Structures are given as structure tokens and as C-alpha cells.
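What follows draws every value from the coordinates through simple rules; no lab data is involved. Keep in mind it's a predicted model, so treat the numbers as computed, not measured. With ideal geometry, Cβ positions are generated from the backbone for all residues, glycine too; neighbour counts draw on all protein chains shown.
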Amino acid sequence: MEGLGATQVVEIEILQDLSATSRCDEGFLQIRRLLCQNRRADGTTSRHYRVDVVDRPFLDAVAVLVYRWRGDQVEVLTRQNLRPAAYFRRGKETTLPDPQHHLRVEEIVAGLLEPSDKGEQGLRQRAALEVEEEAGIKVDASEIQLLGSPFFAVPGVLSEKIYITAVDATGKAQAAATGDGSPLEEGSELRWRPIREVLKACRTGATPDAKTEIAISRFLAMS
């Protein structure tokens, strides 16, 4: 399926590293650098230690497994997205060799929950909005299925939890995805693939996205 943007992105170029001149509490991600100690039940405490905690402006996110039935087979919709953090692993030493460049990462539809998204209904509404924006498919909030409890992606550093949902898009029209206008959506590619093919790709590392694997695993377990 045709992606967003007229030409294919082949590289992300760093124009300037702003790390040394930026505060840790500004920008899209905010890093809190804390001095902590453990307080024990007997009243004693541990030695002091430093902790970095990363917060987003909007704390949590929702991911949506968009699926459809083709005969007796389930297909799922994935997006190939530019992912700078994964891409900039290039040239860094890793425990095991990583032959991939990770310019794009295949994953399911997802987006940040906003302060106006209140309760379960707000979660469903945000999921439906993300499906329309990222996949070009209109669904009603009532059609969003919740796939269990939210999970931490990196609990040692990142405070965000991800809520996993699903929606049946069988028979629904699919228009061109509008996206949010970000350069990171240039060349994003949508494609439908058999659900177990995507799950296999997650487990072999071809699709190294945890939320996609968790969503598919939960969906299959609950089906």
C-alpha cells in the first residue's frame, strides 16, 4: 500500500547534537534525575543512589491491532515507521551482532493518550482516532476491544504504560492515511499480512516491536 510522502527516505541526518545545551526537563521526553534511597520496614535505609526517570508529556499510550478476516484467515495491518532511536544504534557496540539498520520499524497502529482522554471511553475514543489517522479506516469507539491490562515497556527507565486494544476492520473502507504531518511519517507504509506471519517475524527479529508481538499473542489467546 502506498506510503505517506512522495519519495523514499534512505537516511536520517543529524544536523546538530543539542544534548550538551539542553535541559533534561524540556523537550518531548523529560528526564528527571533523582537522588534516592530505599526505606526499609525496620526503619533503616539503603545507601544513596541516582535514578533517571523518563516521562512523556502525556504519560501513557494506546496500541491497536487492526485486523480483518479473509475467508478463514486473519490478517493484521502494520505500519513501517521511521524510528530514529532504533536507527542510531548504528556503529554502537552490542553484545551480539545486529545486522539490521532499523531505519524503519514495522509495528501496529499506536498513539499517545491525551489529558482529555478520560476513563475507558476515552481510551476507546483515542484508539478509534488513531486507527483513522494512521490507517485510514473509520471505526466507532464502541468497536474497540480491550486486550487485557496495560504493560510497562521499559519499567527501569520509562514511566509509560501501553494499553493494548484491537478492532475488526473486515468489510470497512480504507482511505489514504492522513498522518499527523510529522517528518517521521514520511514514507510510512501500510500493509496487510497474515497474523501468524507477523507473529513469526516478531519472534525472529524481522519485526522487533514488543507491543506488536504482545498484541498478537493476546489476540490469539483470547480468540
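Some notes on this structure:
- If R0 equals 30 Å, the separation of the Cβ atoms of HIS102 and LEU15 corresponds to a calculated FRET efficiency of about 0.90.
- 3J(HN,Hα) along segment 151-168, derived from phi through the Karplus expression 6.51 cos²θ - 1.76 cosθ + 1.60 where θ = phi - 60°, amounts to 9, 7, 7, 9, x, x, 9, 9, 7, 5, 10, 10, 8, 9, 9, 8, 8, 8 Hz, with x in place of Gly and Pro.
- When the P(r) is computed for the chain, the part past 26 Å accounts for 44% of the Cα-Cα pairs.
- Here segment 39-167 has an Rg and Dmax of 18.9, 64 Å, counting Cα atoms alone.
- √(5λ) per eigenvalue of the Cα gyration tensor, segment 95-223, largest first, Å: 23, 19, 17
- For the chain, the longest principal axis of the Cα atoms and the long axis of helix 210-222 meet at an angle of about 60 degrees.
- Per-residue ³J(HN,Hα) for segment 61-74, Karplus 6.51 cos²θ - 1.76 cosθ + 1.60, θ = phi - 60°, Hz, x for Gly and Pro: 9, 10, 10, 10, 8, 8, 9, 8, 9, 10, x, 9, 10, 9
- Taking every C-alpha pair closer than 8 Å and separated by at least 6 residues, the mean separation divided by the residue count of the chain gives a relative contact order of 27 percent.
- Relative to the longest principal axis of the Cα atoms of the chain, the long axis of helix 195-204 lies at roughly 30 degrees.
- Spatially, segment 57-135 and segment 147-179 are offset by 6 Å when compared through their Cα centroids.
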